[in-house]
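Asker: Please see the structure below; I have some questions.
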Amino acid sequence: MSKNKIQLSTVDIDRIIEMAWEDRTPFAAIKQQFGLTEKAVIRLMRREMKASSFRMWRARVSARPTKHAALRNNGEVQRFKCSRQRQITGNKISKRN
């Protein structure tokens, strides 16, 4: 979020926070979907969360190799979708009526 600030809706911010809390969703997935770097996600989390919640999240993320694609074992994680990913992204195949 440097010179070209990315405009995020409330729904997008909620989804980014949810993805950041998920253990198996790497920061690369957030960057791919929303264009936010790890630093930008950290700033967003600091801004949107209570201080104690942010500290708890940072301690959790710092100890998780699954959040950083470079630290993952190649065979350990095959994808970075949560169980509700298709509903969230609006994929027409999975839309419920």
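Please treat every number below as a calculation from the coordinates, not as lab data. Because the structure is predicted, anything quoted here is derived from the model rather than measured. Note that each Cβ is placed from the backbone with ideal geometry, even for glycine, and that neighbours are counted across all protein chains shown.
Asker: As an exercise: evaluate Arg43 against (1) touching a residue at least 40 places away in the same chain (Cβ under 8 Å); (2) surrounded by 14 or more Cβ atoms within 10 Å (Cβ to Cβ); (3) over 9 Å from the mean Cα position of the chain (by Cα) and give the number of the one condition it does not meet.
Answerer: (2)
Asker: Among the residues of segment 37-51, which ones are farther than 14 Å from Lys67 by Cβ and either in contact with a Phe, Trp or Tyr (Cβ under 8 Å, 6 or more places away or on another chain) or of a type outside the set (D, E, K, R) (or both)?
Answerer: Correct list: Ala40, Leu44, Arg46, Met49, Ala51.
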